[in-house]
Amino acid sequence: MKTLQRISLAWILGASGWAISTCAVAQTASPSSACPALLAHQFPRLQDEAPQNLCQYAGKVVLVVNTASYCGFTGQYEGLETLYARHKARGLVVLGFPSNDFGQQEPGNSKQIADFCFNTYGVKFPMFSKSVVKGKSKNPLYVELAQATGKEPQWNFHKYLIDRSGKVVANFPGEVAPDSPALVGAIEKSLNQK
């Protein structure tokens, strides 16, 4: 639903005779464009530290995963990228949050992590700078994910599934692979709901 709002500015700059009068501003007020509270966070992008607002993923099905480069589950990057590539046109986005919380298995800096993910596994889904995902210092998204599910990640590659409305609908421990029927089924169900 679009509304047109007229803003009248009477800004006269002294003797110069400059005046700015009326301008029209289009505003879109649509439920699908509203940012769910769960996504109202900003994190630096892994590749260049540029701030990224998660509200850009409003209306999508979001799979949030805490990742690590030197874990027995690190091979899941390949499956996560396959999921993302296969379903992104239907509205799936995978968000990777590298963390050194479990076994010190993500010791690198942002450039090292980004190079590893892309060069080793061809990761193109959005990745964010390394952060804490468990305990008292966890990042604000993980605070809300833990509150919504009653579960903090117990290891790397824990997965939280958020539906199009911004509600956490499922979570899966690290040992659940990206091609697991349970995970794929939950993603499909969320993608099919409009």
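The values are calculated or read from the model by the stated rules, or taken from the named source; none is laboratory data. Keep in mind that this is a model prediction, so the values were computed, not measured. Because the Cβ atoms are built from the backbone with ideal geometry, glycine has one as well, and the counts that use them run over all protein chains shown.
Filter the stretch 174-194 down to residues that are in contact with a strand residue (DSSP E or B) (Cβ under 9 Å, 6 or more places away or on another chain) and over 20 Å from E81 (Cβ atoms) and give me whichever is modelled with the highest pLDDT.
Going through the qualifying residues, I end up with K189.
Residues that are under 15 Å from the mean Cα position of the chain (by Cα) and loosely packed, with under 15 Cβ neighbours inside 10 Å: which helices (runs of 4 or more DSSP H) entirely in the stretch 92-194 hold 1 or more of them?
140-149
Are any of the residues in the stretch 54-71 over 14 Å from the mean Cα position of the chain (by Cα), modelled with pLDDT of 95 or more and closer than 23 Å to P140 by Cβ?
yes
For the stretch 140-182, give me the residue count where each residue is without any contact (Cβ under 8 Å) to a residue 40 or more places away in the chain and either touching a Leu at 6+ places or on another chain (Cβ under 9 Å) or at positive phi (or both).
Of the residues in the stretch 140-182, 8 are without any contact (Cβ under 8 Å) to a residue 40 or more places away in the chain and either touching a Leu at 6+ places or on another chain (Cβ under 9 Å) or at positive phi (or both).
More than 22 Å from the chain's Cα centre (by Cα), farther than 27 Å from L183 by Cβ, part of a helix (DSSP H, G or I) and modelled with pLDDT under 95, is that true of A24?
No: the conditions fail for A24.
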